[in-house]
1. If only Cα atoms are counted, what is the Rg of segment 435-545, and what is its Dmax, in Å?
2. Could you work out how far apart the two model spin labels at R231 and L546 are, taking each label as a point 7 Å from the Cα in the direction of the beta carbon, and quote it in nm?
3. Can you give me the angle between helix 544-557 and the longest principal axis of the chain, using Cα atoms only, in degrees from 0 to 90, rounded to the nearest 10?
4. At a 10 angstrom cut-off on C-beta neighbours, averaged per residue, how do the peptides 98-106, 41-49, 492-500 rank from highest to lowest?
5. Among S435, Q525, W416, which residue has its Cα positioned farthest towards the positive end of the charge dipole of the chain, with +1 placed on the Cβ of Lys and Arg, -1 on the Cβ of Asp and Glu, and the dipole taken about the Cα centre?
6. If you rank E405, E340 by how much accessible surface each has, with a 1.4 Å probe, what is the order from largest down?
7. If R₀ is 41 angstrom, what is the calculated FRET efficiency for the pair V360 and K41, using the beta carbon separation as r and rounding to 0.05?
8. For the chain, what does the helix formula give at 222 nm: sum of -39500 (n - 2.57) over DSSP H segments with n ≥ 4, over the residue count, nearest 500 deg cm²/dmol?
Amino acid sequence: MRALLVALLVAPFWVAVHKTGESLANQRGKPISKEEQATKKDKSQQFFKKSLSILKHLKSDRDKEEAYKLLAKAAEMGNQKAVEKLAANMLFGYDGPQNIKAAVSLYKILAEEGSHKGQTALGFLLSYGIGVEHNQAKALLYYTFASIGGNLISKTILAYRFWLGINVPRNCEAALINYRKVARFIAKQLEKNEELPVEKVRLMEKPENQSSNAEFLDWDVYQYYKFLAERGDTQIQVFLGQLHLLGRKGLKRDHGKALYYFLKAADAGDPNGMAFLGKMYLEGSTAVAQDNVAALRYFRTAADKGNPLGLCGLGLLYFRGKGVQVNYTEAFKYFQKAAEKGCPSAQLQLGVMHHTGAGVRKDFELAFQYFYLASQNGEPLAVYHLAEMYTTGSGVLRSCQTAVELYRTVCELGRWSEKFLTAYFAYQAGQMDLSLMHYLFLAEMGYEIAQINSAYIIESEKIKIFHQNQISPLALLLWNRAASQGNIFARVKTGDYHYYGFGTKRDYITAAVHYSLAADQYSAQAMFNLGYMCEHGLGVPKDIHLARRWYSLAAKSSPDALIPVFLASVKLEATHLLSKPLLNLAENWKLPELDRILSLHWDLFLILFIVILLIVVINSRQN
């Protein structure tokens, strides 16, 4: 590995790596004493930590260059974490240009050395054929090894594959086992407020909708909110404090700014500001030291004003014995008051108390009711507890399918979901390959939005990481996976790919099956397509009456379908009329039939007549 990384020391940031695994293994095989190994390990760890520290407080390109020199030295000395970071930076373009070939070389080395991160990444690359030959069997093998090594991402990928039967037999119980392990870890992080939901944007939305997207705060709007906050608007102060506390709507987490806004709101007498200050002091952060006394003071002041967050905070203090003696009775009283005011955290805690029998009689059915109520109000930990109850059959009939779906919801809150932000910002900056790499990684984990976004970027044909012959099959794969998760648009797109033969052989029967599934979910486009296929006998028996029915349903399902349906209906009836023998024309084309068509689309016929009349008038005037 030494010779491999010497180049990294002399280059400013990244260089292509062209060394075989065999030669690298020979270079790593030199004998070394235990003392030298220990010294080398300590030194490499120092280099690694120092490089991370510089990257965390980056100020200039010179600092970045110095950080990566240290990182390269640590990697050269055999520090596996340093190699993993270098490989990830090369693959996903962190802090520098993307270098897939170099990343692949490093990940192969890492996988050989037993790194579960290297095995996961190599499985991902093999799954999509990025920098290596596409091979789902090998990808599955690497995911399995990484999962055994404890990699949570590989466990999630395997769980998703078992759930839908992707390259493995469908197995709900196997999916449950893997999802449960990951969800358990994330639930612990949620309890520490270390895992939080990340904004996810659908790229197919119109640009005007994206700019005003509720997921991200426009910079001008943010400046206006800051102005209102400085003018004393307590609601805006609390809102901005929450955004900075959690790092939401595109803003970075900044506890100092959160504290500033909460203090302003609290000083103005706002109970929400007081409650959030209590929360910050209870948990402790970079801005304030953990202080139970201060937390108790702020929570009590907010609770005295009937604030649900303050009531719930007091309940937590009594439940955990923070700043006060443990008192389940008092905790239950405050939780109940907060829950009645709609506080999801209090509803969760009531569920926990009834589930464990802490201070109250153990009652699984009542616990289930509180967990369900909290989950409907957006409390992710309540979703985890519901999944546990469905898994064990406590207070509810056991259901593997329901448990898996709930565990999936929790798993999607993992820290890896931060890639959604990186991918979106790269897309906005026009870095399509970088954006696609992040979305594909998330798509492999089963995120339906990432699958849709990946397919959308691939169809744009602005990417360079795939050959032309890979694009249509890969897009079809992603549309199909999103369709399997219930996305109607993806189902229609999958039908389109089979209809036109994009990325697969043309297959009208399969296309009709996908359109039928989408039509069952009231897709006007799918209904229109089925009407057309029935009209021409493509993949289904030719049936004029059924074609009329599908066109009619499409028009009723969406106003946007009115004009296409009208034009298709006119063509259908005209073709049907002309296909009849001329002698039987009067007999077949009866007035009731004409009256039915005119009464159904009289407004469109009128518009068509006026347009034709205008064309005639304009032509006559020109002549």
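The values are calculated or read from the model by the stated rules, or taken from the named source; none is laboratory data. Just so you know, these numbers come straight off a predicted model, no measurement behind them. Ideal geometry is used to build each Cβ from the backbone, glycine not excepted, and the neighbour counts take in all protein chains shown. The area values use the complete protein model at the heavy-atom level, side chains included, leaving out ligands, DNA and RNA. Shrake-Rupley method; radii C 1.70, N 1.55, O 1.52, S 1.80 Å.
1. Calculated on Cα positions, Rg and Dmax stand at 14.7, 48 Å.
2. Here the modelled spin labels are 6.3 nm apart.
3. Roughly 50 degrees between the two axes.
4. Top to bottom by mean Cβ count within 10 Å: 492-500, 98-106, 41-49.
5. In the chain, that residue is W416.
6. My answer, sorted largest first, is E340, E405.
7. 0.20
8. Helix contribution divided over all residues of the chain: -22500 deg cm²/dmol.
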